[in-house]
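Can you keep this structure in mind? I'll have questions shortly.
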Amino acid sequence: MKSKQRSKKFSARATHCLTAGLIALLFALAVSGSAEAQERGEPPSTPLDSGITPAGPPPAPLLEWGAKPKDIPDGYMVIEGDIIVPVGFYELEMPWATNLWPNGVLDYEFDNNVPGYGRFFMRQAMDEWAAVANVTFREFASCGGAGCVHIQDSNVNSSYVGRQNFRQDLNIFNWNYRFIMAHELAHALGFWHEQSRTDRNTYVTINYGNIIAGQEHNFDIAAGSGLYGPYDFDSVMHYTRDAFSRNGMDTITVLPPNEEWQSRIGQLSHLSRMDQLIMSFIYSFPNWRFVDQSYSGVEIGTFQQPFRNFIPGVNATPNGGTVWVQPGVYSASGTYTRPMTWRAPLGGVTLGN
């Protein structure tokens, strides 16, 4: 098994090296063409907008449970194919997706081994998230220790989940896939995999008989994972239908009545509507407030700690702000004169006396 793993990594690196020059050339031509087009008042050409560059290696294979590739520190391992956690992760009972970046500011640096085209494409992937959420990516020549993401060229694609109290590596092999990079950035921002949701078994079946022996843990449900909205088959954070397959057959089967998603799960071409919405809620804008009648706890109006009642949510919303309301029936009698927007993205909201 070890010799096979080494062979896979060597071939991945060899492919990477062979295609790097071609990607760099295509990048240079595309940037040059874009600049000339802008001078002529034309829109830029499409290769840089497609999410996948015209040349480059296929997506790196998911890593086996417990893998310890050379690009992660001692005492850590990989789970679920690309997530870096401490050895003995479950015994430590670490929180899921609660270690977010204060004020949505993520500081990062590039390793010297990241080529220029890789930096360009990574910034494009960052722009995907910055366009939909209150997230700021701040680049430094060197940002040091805690609260710094060190982005490096690697044989694998992997990341920690959320902000760590040390310099955390984000490893990229596929600089030619914008949404693989967006996937790893989402991990760094606090996202776990979609199929880890606690309600997963209502929407998909895991075919354990088709999974590589010893890799069943990659399909575990995360008991403390965040849950919002309907199960998202379209999420950029979802496994493919045959992830960790031992025989080429499906390891995930989409249940009725959603069978049309079977061939589409695991897409790497865009952020889904729910990807965008949830990221914008976790890293929300200052004039947004949230209301959820099912919540019990300290109420401050954030996505994680919303108001239970509609009127306090409205009263706490600044002029021009937005109130996001979860499904339910709310008392809302009164006169409202301040400008603001009320939104119910999941529907099912009734405002009454």
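The values are calculated or read from the model by the stated rules, or taken from the named source; none is laboratory data. Here the structure is a predicted model, which means the values were calculated and not measured. Reconstructed Cβ throughout: ideal geometry from the backbone, glycine too, with neighbour counts over all protein chains shown.
Which residue is surrounded by the fewest Cβ atoms within 10 Å (Cβ to Cβ), if the candidates are limited to segment 82-120 and must be touching a Ser or Thr at 6+ places or on another chain (Cβ under 8 Å) and modelled with pLDDT under 75?
Once the filter is applied, the top-ranked residue is 96.
Go through segment 316-330 and count every residue that is out of contact with any Ser or Thr (no Cβ under 6 Å at 6 or more places or on another chain) and surrounded by 12 or more Cβ atoms within 10 Å (Cβ to Cβ).
Residues in segment 316-330 being out of contact with any Ser or Thr (no Cβ under 6 Å at 6 or more places or on another chain) and surrounded by 12 or more Cβ atoms within 10 Å (Cβ to Cβ): 10 in total.
Another question, if that's okay. What pairs come up if the first residue lies in segment 279-290 and is within 14 Å of residue 136 (Cα to Cα), the second is in a helix (DSSP H, G or I) and among the small types (Gly, Ala, Ser), and their beta carbons are under 6 Å apart, counting only those six or more places apart or on different chains?
Cβ pairs passing all conditions: 283/104.
OK, next. Select from segment 222-265 the residues that are surrounded by 20 or more Cβ atoms within 10 Å (Cβ to Cβ) and on the phi > 0 side of the Ramachandran plot and list them in ascending order.
244
While we're on this one: With the checklist (1) under 22 Å from residue 110 (Cβ atoms); (2) in a loop (DSSP other than H, G, I, E, B); (3) β-branched (Val, Ile, Thr) in hand, flag the one item residue 221 doesn't pass.
Looking at each condition in turn, residue 221 falls short on (1).
If residue 302 meets every condition in (1) surrounded by fewer than 14 Cβ atoms within 10 Å (Cβ to Cβ); (2) within 23 Å of residue 328 (Cβ to Cβ); (3) touching a residue at least 12 places away in the same chain (Cβ under 8 Å) apart from one, which number is that one?
That leaves (1) as the condition not met.
Separate question: Restricting attention to segment 202-210, does a residue exist that is in contact with a His (Cβ under 9 Å, 6 or more places away or on another chain) and either closer than 19 Å to residue 67 by Cβ or in a loop (DSSP other than H, G, I, E, B) (or both)?
Checking segment 202-210: not a single residue is in contact with a His (Cβ under 9 Å, 6 or more places away or on another chain) and either closer than 19 Å to residue 67 by Cβ or in a loop (DSSP other than H, G, I, E, B) (or both).
In the set 138, 123, which member is surrounded by fewer than 20 Cβ atoms within 10 Å (Cβ to Cβ) and assigned to a strand (DSSP E or B)?
None of the other options fit; the residue is 138.
Just to be sure I understand, how many residues within segment 142-163 are assigned to a loop (DSSP other than H, G, I, E, B), of a type in the set (A, V, I, L, M, F, W, C) and in contact with a strand residue (DSSP E or B) (Cβ under 7 Å, 6 or more places away or on another chain)?
3
Quick check on segment 299-310. Is at least one of its residues in a helix (DSSP H, G or I) and either charged (D, E, K, R) or outside the structural domain of residue 182 (by TED's automatic domain parsing) (or both)?
Yes: segment 299-310 contains one or more residues that are in a helix (DSSP H, G or I) and either charged (D, E, K, R) or outside the structural domain of residue 182 (by TED's automatic domain parsing) (or both).
Please determine whether any residue of segment 322-338 is part of a loop (DSSP other than H, G, I, E, B), of a type in the set (S, T, N, Q) and in contact (Cβ under 8 Å) with a residue 24 or more places away in the chain.
yes
Any residue that is of a type in the set (Phe, Trp, Tyr), at pLDDT 95 or above, surrounded by fewer than 24 Cβ atoms within 10 Å (Cβ to Cβ) and outside the structural domain of residue 73 (by TED's automatic domain parsing) - is there at least one of those in segment 200-208?
Yes: segment 200-208 contains one or more residues that are of a type in the set (Phe, Trp, Tyr), at pLDDT 95 or above, surrounded by fewer than 24 Cβ atoms within 10 Å (Cβ to Cβ) and outside the structural domain of residue 73 (by TED's automatic domain parsing).
Tell me which of these residue 181 doesn't satisfy, since it passes every other one: (1) over 24 Å from residue 222 (Cβ atoms); (2) not in a strand (DSSP E or B).
(1)
Farther than 15 Å from residue 266 by Cβ, touching a His at 6+ places or on another chain (Cβ under 7 Å) and touching a residue at least 12 places away in the same chain (Cβ under 8 Å): which single residue out of 178, 167 fits that description?
167
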